[in-house]
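Written out below as structure tokens is the structure these notes cover.
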Amino acid sequence: MFDLRYHVASLAAVFLALVIGILVGVGISDRGYVDRAQRGLLEQRIAKLQSDLSNARQKADNLSAQQRATQAFVTDTYPELMANRLRGKNIALVFLGPADVQVRTSLERALADAGARGWVRVRALKLPLDVPQIDNTLAGDPALARYVGDARLPALGKGLAEELASGGRAPLWTTLAEEIVAERAGSEQRPADGVIVVRTAGKQYDGTASFLEGFYTGLIAAPVPVVGVETTDASQSAVKSFQRNGISSVDDVDQESGRFALTLLLDGAKAGHYGVKVSAKDGVLPPLDTTTRG
């Protein structure tokens, strides 16, 4: 599903090209600067632009109708579709940057609607990282000293992501709580049945960028579904970052269709990028399993 704003822009571009073509063609032909063959070619190009404009309008109309139909379907059947899909499951939530109350509220509604147990743990990371401070803390623990140094930042990110998903003793999260965690809730011990990622920080550089690459690697290596999310009005989209790092995404978790898409992915649906924006390459929803839930 494509964002309709993209199609409006496409229509405007085609229309502008059409107008320019007509004006240029009329101006030149009126002055006798083109022969009959050239004028015929110009007329063919104008006719092609007119056809492109008509096709683009039809495509936009069709996509708009599909989007409305999908959203109406989800709205009408949302309680039944969501019921028990995540029954008893524990989900981990990590903010890459400051926690976002609006996003968290939408996510908690999705989990409640799907019968999930709730958050097993929530973490918000301090970005950019204070690498020297992190190294000082790690160097004081012989068991973790192997993570010291810029070259080890990807391994550190990977290790933290693995602990986030698997739970257990979590020595990295415990040791670096003061250095990397802005907000935290929940237990370290229990394993997560799925992980939701929200990126609220902007583009990162140098050591923090290397750390995040490793963090994403650790997430996708986890034996549970991992989904990156954002809202339709997000000031900066993180979907391209999720795509580059192999993480499924939902770009409209503030809407019922987005919360349903998220639930399907956490329940093991086909990985992909879903929502209502241009970056939603796989449509509004993952393929729907309509098996009745007990």
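The values are calculated or read from the model by the stated rules, or taken from the named source; none is laboratory data. As the structure is a computational prediction, the values presented were derived from the model and not from experiment. Neighbour counts run over all protein chains shown; Cβ positions are idealised from the backbone, glycine included. Just so you know, the surface numbers come from the protein's heavy atoms only, side chains and all, with ligands and any DNA or RNA stripped out. Shrake-Rupley method; radii C 1.70, N 1.55, O 1.52, S 1.80 Å.
Some points to look at:
- Amide H contacts of Ala182 (H built 1.01 Å from N, under 5 Å, at least 5 apart or other chain): Ala124, Leu125, Lys126
- With all protein chains in place and ligands, DNA and RNA left out, the 1.4 Å accessible area ranks Thr263, Thr200, Thr174, Thr217 as Thr174, Thr217, Thr200, Thr263, largest first.
- With a Förster radius of 30 Å applied to the beta-carbon distance between Gln38 and Lys281, the computed FRET efficiency rounds to 0.15.
- Computed 3J(HN,Hα) for segment 136-149, one whole-Hz value per residue from the Karplus formula 6.51 cos²θ - 1.76 cosθ + 1.60 where θ = phi - 60°, is 4, 5, 5, 5, x, 10, x, 6, 10, 4, 5, 8, 6, x, glycine and proline marked x.
- Gained length - Val101 relative to Ala139, 0.36 nm times residue gap less alpha-carbon distance: 10.2 nm
- Taking Tyr78, Tyr205 and ordering them by how much accessible surface each has at a 1.4 Å probe, largest first, produces Tyr205, Tyr78.
- When the listed pairs Lys126/Lys281; Lys203/Lys281; Lys48/Lys281; Lys126/Lys270; Lys48/Lys277; Lys158/Lys240 are checked against a 24 Å cut-off, the alpha-carbon distance exceeds it for Lys126/Lys281; Lys48/Lys281; Lys126/Lys270; Lys48/Lys277.
- Measuring only protein heavy atoms, the 1.4 Å probe finds Lys203 accessible over about 150 Å².
- Whether segment 172-294 is rounded, prolate or oblate, judged on the alpha carbon gyration tensor where a/c under 1.5 counts as rounded: oblate
- Counting heavy atoms of the protein chains alone, Asp135 has an accessible area of about 30 Å² for a 1.4 Å probe.
- Measuring r between the beta carbons of Arg117 and Ser166 and using R0 = 22 Å, the FRET efficiency lands at 0.80.
- The slack between Ala177 and Arg87, meaning 0.36 nm per residue of separation minus the straight C-alpha distance, is 29.3 nm.
- Note on exposure: Trp119, Trp173 ranked by accessible area (1.4 Å probe, complete protein assembly) read Trp119, Trp173, with the most exposed listed first.
- Full-stretch length increase - Thr77, Gln189 - with 0.36 nm per residue and alpha-carbon distance subtracted: 36.7 nm
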